[in-house]
Amino acid sequence: MAQIRKVFHVEFREPIDGKKHYYFGSKTAIFQRFTAEQMGITYQSFRNVGNIKDVPYINKWCIVRQGELIAS
């Protein structure tokens, strides 16, 4: 039976450590890797954004999308 997990895709407008695309399993994990300055938003404010599954979070530094990872 397939397991469905949340996945967060962070796309930076300018590369960080040579990459623009990063994938995480939680909002907390994003902020363990990147600072609020790099993200352009604090962790607390990002938590208050709400559901980003249908409408991605966009600011001038990054775009954060939420999707599903289907595993067996």
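The values are calculated or read from the model by the stated rules, or taken from the named source; none is laboratory data. It should be emphasised that the depicted structure is a prediction, and the values quoted were computed from it without experimental measurement. Methodologically, a virtual Cβ is constructed for each residue, glycine included, from the backbone with ideal geometry; neighbour enumeration extends over all protein chains shown. These accessible areas exclude ligands, DNA and RNA; they are computed on the full protein's heavy atoms, side chains included. Shrake-Rupley method; radii C 1.70, N 1.55, O 1.52, S 1.80 Å.
For the chain, what is the accessible area per residue in Å², given a 1.4 Å probe and the full set of protein chains?
Numbers: 4890 Å² over 72 residues.
I get 68 Å² per residue for the chain.
When we measure straight from the Cα of Lys27, which aspartates and glutamates land under 15 angstrom away, once same-chain ones fewer than 8 places off are left out?
Counting by Cα, and skipping residues close in sequence, Lys27 has these aspartates and glutamates nearby: Glu11, Glu68.
Could you derive backbone 3J(HN,Hα) for the stretch 62-69 from the dihedral phi with the Karplus parameters 6.51, -1.76 and 1.60 (θ = phi - 60°), listing whole Hz in sequence and x where the residue is Gly or Pro?
For the stretch 62-69, the Karplus-derived couplings read 7, 10, 10, 10, 10, x, 10, 9 Hz, x marking Gly and Pro.
Taking the Cα centre as origin and putting +1 on Lys and Arg beta-carbons and -1 on Asp and Glu beta-carbons, what dipole magnitude results for the chain, to the nearest 20 debye?
Values: 11 positive and 6 negative charges, 19 e Å.
Computed charge dipole of the chain: roughly 100 debye.
Once neighbouring chains are kept in place and the probe is 1.4 Å, which whole percent of the accessible area of the chain is contributed by carbon and sulfur?
Ligands and nucleic acids excluded, carbon and sulfur reach 52 percent.
By average Cβ neighbour count within 10 Å, what is the ranking of 48-54, 63-69 from highest down?
On the way: 48-54: 10.0, 63-69: 14.4.
Ranked from most to least packed, the peptides come out as 63-69, 48-54.
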